[in-house]
Amino acid sequence: MLVLEVSKGNNELKMSLFEAGEFISTVRNYSKRSVSWNELAVLCQESAHLLNKADKKGELDPESFKAFKNIGQLLWDNLLTRQVKDKLSSTNARHLILSIDEELVGIPWEIISNGSEFLGLRFNLGRLINTRRQGNLSIYRSFQEKLRMLIIANPTGDLKSAYTEGSLIKAKFESWNKKVNIDFKSTSVDSIYIKKNLRDYDIVHFAGHCEYDPDNPQNTGWSLIDARFTVRDILKMGEALPMPSLIFSNACQSARESSLSPSFNYHEKVYGLASAFLFSGSRHYLGAACKIRDEFGLIFAREFYTYLLHAHCVGECVRRARLKLLHNSSGSSVLWANYILYGDPSFIFFSLPKKKILPRAKTFIVSKRREVKSILVASGAAILILIFSVYFNAVNPRGYLEIVKTRGHLAQGRNAEAVLSCNQILGKAADFLPAYPLLCQAYQRQGMLSRALSSYFEYIIYSQKKGDKKMLASAYIGAGRIFHDKGDYPKAKEFYDKALVLSTDNKDRLNEAVSLRRLALWYMDKDDDNAAIELLTKSVEINSERSHKADHRYNLACDYFDLGLLFSNKDDFKAARTFYNKSLKLFASLKAKDELSDYYFNQGELYLFEKEYQKALECYARGLKIDLAHNNLPNIASDYSMFGELYLELGSELEAEKYFCQALEITENIEAPLEKASIYYNLAELYKFKGQKVKAKKYLRLSQEIYSKVDTNDYAQVKEDILSLDR
């Protein structure tokens, strides 16, 4: 996040552009720019004139629109220093805080343009004001788990469109978020009601008249049925308790400060509604500088709140809403420039809900090339015995060579060839145990869970016949994993428990650790994080004591990875990243380059939660590349679904739909019930976002049908989502 700090001198501006993390730097560079206040006043007045000149659609004629862009370019040329312009042009930052002296608020900073982009459309931009005046600047409301919102719509009873706006916003909040209580007040709203109740709320949306009094600015305020709720009232109330954290005044002139002119006395600067609320404890104030037709004000408001409820930061919500107004026009609309945000643009009001039924993060499971490693880990002793048999007893040397060949097929993603190779081995010697894990892995990659399970049962039978307890424990774990993938949680736990008991009794510490880790993942799915962390801790202890062995070091990496997943699910992203990075170091030491698909997707998801979308995309792309190389169909379906979630977060509905549909197409031809249920759910979220309730309900019911057979809380969540669509 960048901070552009600008202060006013006699005939100059002093400014510094720096990363937010550099704020406490002992030394910070700044640069100066000479300014003609007369010329600046003319540019500001011309920009205001053009904003008010827009037609009913908010558009300017070609000549006027060119003049509007030229003003933005001139402000860029005349206000900003070379150092600042160079950094703004080259930065990849998304957030820009404009920290300016109070005397500079009349400048239309949002329309400053480098010739190709306006600052207000390129950045999530918010204004912070530096002032000499005293106020409750550091006193903000404390947030409760459930926020309270007041919608004041058409308080004077003469604005039907304002009532419609308020009603639609109320409906959006009620259908999308369970973390806010909404109160709706319309018609005959008097000043006593506002004064008594306003400070009880965290968010206030006002849709109505705002009257500006140039002769007595402290008398500026919202028009109510009996009087105005004025700047003076706000300042008095703010002396006792802080005002709501977010004020959205969707009324004309509400964000307008005094005009900038050469003769303006800055020490006697009048208050506006924006500064009154900010001085009285509001974190954010969003208002319109010029008159906007009601239908466009509604478009902006709906877009703003849609993104706010999807856990976007305030600045992103404003920028997206501005772009919505622009995209709804022929390209010459200037309506977007009317909206001004005061406050930190990176602030997020609503956190993302935990959707445990979604593929929120991947776990280290028996899949991809890492399973080849885990197969060797689980049956290392048996492989060594096999090698000795090859060299000293000449027992089935051809079978061992076929195993090496099969591993090569899997490494190259030739899963069908791997199945054929394993079946040829087992056709000659059905008790050749090392072939079974490879065969099951190849089936899993092709989404053939039933065949994989059948092969694991054969693996169990022949391990029992040969009395090979280590191979038997490995087979139990594999069968449990297949039941886990099918959503049969009781059966999955039954086989994990069998593996744990057998390996413990046999002092097989490797399979004991793997069993503990698989059980931990089982409990994570059951939302029992305490049991999960206890089991993972035991597994870490076993593998850490034996980390000099490659097989235990590999499994220790898997332990760290799953601890990262656990902390990610608890929203402790710092701890999650620490454990993910520990796992990465161990994999690197083992030269396990192809085991990292899940690592990249889970790291990407952390970036997604932190709104680092480009980094998230880059991580997802690296993970997808690995899964495509291994032709791992269930993973690829899950990957596409996660891409869809990311694009839905970005508001790119077409891209989101494309990826969800690609994911669904894959699952139609394989056995991947949980992946399919998750994709159905994501499609429902997409269509709910688009306001298509019928389609949303259709996919929720398809998801519900699958989860009705799964022993988790997912069914109840989907059922609640279906009911919410009918409210």
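Here are a few things to note about the model shown:
- Members of segment 546-581 found to be closer than 21 Å to Ala592 by Cα, of a type in the set (D, E, K, R) and surrounded by fewer than 24 Cβ atoms within 10 Å (Cβ to Cβ), listed by number: Arg546, Lys549, Asp551, Arg553, Arg577
- Any hit, segment 151-159, residues being of a type in the set (A, V, I, L, M), exposed (fewer than 15 other Cβ atoms within 10 Å of the Cβ), in the same structural domain as Ser282 (by TED's automatic domain parsing) and over 21 Å from Gly272 (Cβ atoms): no
- Pair list, Cβ < 9 Å and 6+ apart or interchain, from segment 165-184 residues that are hydroxyl-bearing (Ser, Thr, Tyr) to residues that are modelled with pLDDT of 85 or more and not in a helix (DSSP H, G or I): Ser167/Ile151; Ser167/Ala153; Ser167/Phe184; Ser167/Ser186
- Criterion applied to Leu617, Leu608 was being in a helix (DSSP H, G or I), surrounded by fewer than 19 Cβ atoms within 10 Å (Cβ to Cβ), in the same structural domain as Ala592 (by TED's automatic domain parsing) and not charged (D, E, K, R), and the one residue passing it is Leu617.
- Within segment 511-526, the only residue that satisfies the criterion of being within 25 Å of the chain's Cα centre (by Cα) and basic (Lys, Arg) is Lys526.
A quick yes/no check of all residues on (1) surrounded by fewer than 24 Cβ atoms within 10 Å (Cβ to Cβ); (2) in contact with a helix residue (DSSP H, G or I) (Cβ under 9 Å, 6 or more places away or on another chain); (3) among the hydroxyl-bearing types (Ser, Thr, Tyr); (4) under 30 Å from Ile425 (Cβ atoms):
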| position | (1), (2), (3), (4) |
| --- | --- |
| Met448 | yes, yes, no, yes |
| Lys465 | yes, no, no, yes |
| Lys469 | yes, yes, no, yes |
| Lys498 | yes, yes, no, yes |
| Ser515 | no, yes, yes, yes |
| Asp525 | yes, yes, no, no |
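- Criterion (closer than 15 Å to Phe495 by Cβ and either touching a residue at least 24 places away in the same chain (Cβ under 8 Å) or among the polar types (S, T, N, Q) (or both)) met by exactly one of Gln424, Gln444, Gln464: Gln464
- Among the residues of segment 585-593, not a single one is more than 23 Å from Leu510 (Cα to Cα) and not acidic (Asp, Glu).
- The listed residue being buried (at least 16 other Cβ atoms within 10 Å of the Cβ) and in contact with a Cys (Cβ under 9 Å, 6 or more places away or on another chain), out of Asn635, Asn602: Asn602
- Checking each residue in segment 46-61 for being touching a Ser or Thr at 6+ places or on another chain (Cβ under 7 Å) and either exposed (fewer than 14 other Cβ atoms within 10 Å of the Cβ) or more than 14 Å from Pro108 (Cβ to Cβ) (or both) picks out Lys53, Lys57, Gly58, Glu59, Leu60.
- Restricting attention to segment 36-60, the residues being without any contact (Cβ under 8 Å) to a residue 60 or more places away in the chain and farther than 16 Å from Trp336 by Cα number 5.
- Residue match in segment 244-260 (condition: under 23 Å from the mean Cα position of the chain (by Cα), at pLDDT 90 or above and part of a helix (DSSP H, G or I)): no
- Neighbours by Cβ (under 7 Å, 6+ apart or cross-chain): first from segment 317-343, on the phi > 0 side of the Ramachandran plot; second assigned to a helix (DSSP H, G or I): Gly343/Val314
- Subset of segment 500-513 that is of a type outside the set (Asp, Glu), without any contact (Cβ under 8 Å) to a residue 60 or more places away in the chain and in contact with a Leu (Cβ under 8 Å, 6 or more places away or on another chain) - its residue that is surrounded by the fewest Cβ atoms within 10 Å (Cβ to Cβ): Leu502
- Here segment 680-701 is the region considered, the condition is being buried (at least 18 other Cβ atoms within 10 Å of the Cβ) and aliphatic (A, V, I, L, M), and the residue that is nearest to the chain's Cα centre (by Cα) is Leu686.
- Among (1) crowded, with 17+ Cβ neighbours inside 10 Å; (2) closer than 29 Å to Ala452 by Cβ; (3) not small (Gly, Ala, Ser), the one test that Asp711 misses: (1)
- Residue match in segment 196-209 (condition: over 19 Å from Leu286 (Cβ atoms) and more than 33 Å from the chain's Cα centre (by Cα)): yes
- In segment 555-592, the residues that are closer than 15 Å to Asp529 by Cα and not in a helix (DSSP H, G or I): Lys570, Asp571, Asp572
- Contact map, segment 482-497: first residue at pLDDT below 95, second residue among the acidic types (Asp, Glu), Cβ cut-off under 6 Å, separation 6 or more or different chains; pairs are Tyr489/Asp711.
- Looking across segment 270-305, just one residue is closer than 16 Å to Gly166 by Cβ and among the hydroxyl-bearing types (Ser, Thr, Tyr), and that is Tyr305.
The values are calculated or read from the model by the stated rules, or taken from the named source; none is laboratory data. None of the values given here were measured: they were computed from a predicted structure. No Cβ is skipped: glycine too gets one built from the backbone with ideal geometry, and neighbour counts run over all protein chains shown.
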